[in-house]
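Worksheet: one structure, shown below.
Only the coordinates and a few stated rules stand behind these numbers; no lab work does. All values reported here derive from a predicted model rather than from experimental measurement. FYI the Cβ positions are ideal-geometry reconstructions off the backbone, even for glycines, and counts take in every protein chain you see.
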């Protein structure tokens with residue numbers, strides 16, 4: 001009879017090959033989606049612990065000798081990962097957190113997909129019979145696992161209090177994970193912000209988006225971070241004019257309307273905004289100790305010569 005050490009040694013090449021080939025398939029997808037990909041092979045000590053649980057009749061039954069974790073933002077993205085795995089691997093089984101048997105237990109368990117490499121060329125080698133695991137975790141699930149596993153589930157001793165604390169944190173994060181997954185819809189029920197500066201920033205962004213919808217401002221000029229755009233424009237308005245934002249927004253709107261059909265794509269909406277503000281003596285200059293800096297390009301000056309007079313230019 002072989003020892004566990006001997007059996008494991010015989011599998012090392014297959015384990016290494018499967019991990020490498022599976023990573024080649026998963027890595028480009030995760031990079032494109034901006035997901036974190038974590039992969040590992042079990043060590044001999046870890047395998048021994050697994051065998052000693054009494055759940056496995058043989059080495060081939062251990063289905064996570066090679067395991068990957070795809071770390072997504074929220075659970076809403078899980079279906080896309082599942083589709084990719086189904087398309088690129090030979091799917092064997094899926095174990096999801098929805099299979100929880102006892103509602104009193106906060107398992108916060110991530111989805112585990114068990115699969116094999118596809119033998120597209122009919123090579124019939126052992127690497128295509130090797131089952132490996134792909135976990136799909138949210139960021140919060142990954143954080144919980146990363147922190148608690150070494151301290152609770154793989155610690156040198158058995159600490160019941162640590163296990164209870166891990167369960168408490170699990171419950172809190174499970175609730176937070178649900179809130180993050182439906183963040184957009186839930187945020188609509190939150191009380192309206194009444195801070196004048198935040199309301200003003202929102203009004204600026206809404207005015208710009210309205211002009212984009214009306215095909216006045218080209219869509220490509222609208223930056224993806226609308227919050228930052230609104231804040232930057234608001235902070236560029238003279239402090240003594242911010243309390244009555246309506247007339248300032250009207251001036252910005254009229255300036256944008258005057259550019260319809262001739263918007264210079266070599267500039268940004270923020271740069272055009274500071275030209276409009278400066279032209280109408282509404283631009284915030286800051287103080288001597290803390291001047292407000294503005295990024296002025298040669299293209300902007302060639303299109304709007306007055307931009308050369310804007311104070312405190314950023315030196316690149």
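Below are the figures for this structure:
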read-out	value
Gyration tensor verdict on segment 4-139 (Cα atoms; rounded if a/c is under 1.5, prolate if a/b is larger than b/c, oblate otherwise)	oblate
For segment 233-307 versus segment 23-48, the gap between their alpha-carbon centres in whole angstrom	48 Å
Three-way shape label, segment 196-309, alpha-carbon gyration tensor, a/c 1.5	oblate
Relative contact order for the chain, counting Cα pairs under 8 Å that sit 6 or more residues apart, in percent	11 percent
Between helix 4-33 and the chain: long-axis angle, C-alpha atoms, 0 to 90°, nearest 10	20 degrees
Rough spin-label spacing in nm, given labels placed 7 Å along Cα→Cβ, for residue 224 and residue 48	4.8 nm
[x] 245; [y] 148; [z] 226, with the label sought being that of the calculated volume of the Cα convex hull per residue in Å³	[x]
Structure-based [θ]222 nm, the chain - -39500 (n - 2.57) summed over DSSP H runs of at least 4, per residue, nearest 500	-14500 deg cm²/dmol
Full-stretch length increase - residue 40, residue 295 - with 0.36 nm per residue and alpha-carbon distance subtracted	87.2 nm
